[in-house]
Amino acid sequence: MKVSELSQRSGVSVASIKYYLREGLLTGGVPTATNQAVYSEQHVRRLRLIRSLIDIGGLSISHVRATLAEVDDESTPMHDAFGAVMHGLDEAPTETRTTDIQTVYDEVQEWLSSRGWDIDPDAPAPHRLAELVATLRRFDFPTTLTDFDSVADMIERTAQIEVEYARAMPDRTSAVETMLIGTVILERAIVEVRRLALEAASARIDIATRTTTRRPQ
């Protein structure tokens with residue numbers, strides 16, 4: 001297919017396609033004439049992954065480039081390719097942690113160890129979890145890491161299914177795209193379900209309170 005058809009099939013503008021070609025994110029097509037080339041379904045899938053990394057994952061071009069390098073390197077284990085996506089979604093803080101965050105970060109590491117979760121030392125998530133728990137405590141929420149055990153048990157079961165499904169994809173590009181979309185979209189879905197649960201709980205308590213208040217003496 002020509003670049004115009006590639007644009008139509010992928011939903012990516014011709015200008016963006018040419019930009020990705022210049023940046024080395026997309027391999028060139030097969031030359032057919034001066035300034036002309038033909039592209040394949042592989043280019044469609046690649047463009048879909050690039051746009052997923054940018055639009056859904058919110059990755060910068062530099063992070064996209066690093067992630068795609070992991071995807072393209074067949075010697076890189078799939079676990080590391082997935083890690084490139086996961087870590088690219090956030091960045092570990094570079095500033096010095098305050099005492100309370102450092103204390104919670106140590107608790108997070110102990111909690112991860114107790115669960116037998118093998119997490120890369122450079123992963124941003126433990127840092128973010130520590131920051132969030134420390135913030136909760138500043139507002140006098142009596143939060144401990146074990147409070148997350150029940151939800152961690154549930155998420156661990158679904159994570160196993162997600163990873164197995166992604167790794168069963170026919171190629172590395174599809175596997176990474178599946179992992180990315182599953183991670184970002186399911187995370188947002190879980191947040192929305194929790195918000196719905198909070199509203200429902202508040203409504204139940206409100207009804208119970210009004211019923212008690214109106215009860216004849």
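The values are calculated or read from the model by the stated rules, or taken from the named source; none is laboratory data. Nothing here was measured: the structure is a model prediction, and the numbers come from that model. Cβ: placed from backbone, ideal geometry, glycine included. Neighbour counts: every protein chain shown.
Summary table
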| quantity | calculated |
| --- | --- |
| Complete set of residues in region 162-183 that are surrounded by 12 or more Cβ atoms within 10 Å (Cβ to Cβ) and aliphatic (A, V, I, L, M) | VAL163, ALA166, MET169, ALA175, VAL176, MET179, LEU180, ILE181 |
| Verdict on LEU198 being farther than 26 Å from LEU53 by Cα and surrounded by 13 or more Cβ atoms within 10 Å (Cβ to Cβ) | no |
| Hits in region 119-150 (condition: exposed (fewer than 11 other Cβ atoms within 10 Å of the Cβ) and assigned to a helix (DSSP H, G or I)) | ARG138, SER150 |
| Qualifying position, being hydroxyl-bearing (Ser, Thr, Tyr) and in contact with a Ser or Thr (Cβ under 9 Å, 6 or more places away or on another chain), among TYR105, TYR165 | TYR165 |
| Residue count, region 29-65 (criterion: touching a strand residue (DSSP E or B) at 6+ places or on another chain (Cβ under 7 Å) and of a type in the set (Ser, Thr, Tyr)) | 1 |
| Residue within region 151-161 that is closer than 30 Å to GLN42 by Cα, without any contact (Cβ under 8 Å) to a residue 40 or more places away in the chain and surrounded by 11 or more Cβ atoms within 10 Å (Cβ to Cβ) present | yes |
| Residues satisfying the stated conditions in region 40-70, i.e. within 14 Å of VAL12 (Cα to Cα) and touching a residue at least 24 places away in the same chain (Cβ under 8 Å) | HIS43, VAL44, ARG45, ARG46, LEU47, ARG48, LEU49, ILE50, ARG51, SER52, LEU53 |
| Considering residues of region 86-118 that are under 30 Å from LEU68 (Cβ atoms) and surrounded by 15 or more Cβ atoms within 10 Å (Cβ to Cβ) only, the residue farthest from the chain's Cα centre (by Cα) | LEU112 |
| Residues located in region 2-35, provided they are surrounded by fewer than 10 Cβ atoms within 10 Å (Cβ to Cβ), among the hydrophobic types (A, V, I, L, M, F, W, C) and at pLDDT 90 or above | ALA15 |
| Extreme residue, farthest from the chain's Cα centre (by Cα), among residues of region 194-217 that are at pLDDT 90 or above and hydrophobic (A, V, I, L, M, F, W, C) | ILE207 |
| Of the criteria (1) in contact with a Pro (Cβ under 7 Å, 6 or more places away or on another chain); (2) over 22 Å from PRO121 (Cα atoms); (3) not charged (D, E, K, R), which one HIS87 fails | (2) |
| Filter pass, LEU186 being in contact (Cβ under 8 Å) with a residue 60 or more places away in the chain, surrounded by 10 or more Cβ atoms within 10 Å (Cβ to Cβ) and under 18 Å from GLY83 (Cα atoms) | no |
| Scope region 93-116; condition of a type in the set (A, V, I, L, M, F, W, C) and in contact (Cβ under 8 Å) with a residue 24 or more places away in the chain; matching residues | ILE101, VAL104, VAL108, TRP111 |
| Some residue of region 59-82 being under 17 Å from ARG128 (Cα atoms), modelled with pLDDT of 85 or more and not aromatic (Phe, Trp, Tyr) | no |
| Subset of region 58-85 that is under 14 Å from LEU180 (Cβ atoms) and of a type outside the set (A, V, I, L, M) - its residue that is surrounded by the most Cβ atoms within 10 Å (Cβ to Cβ) | THR67 |
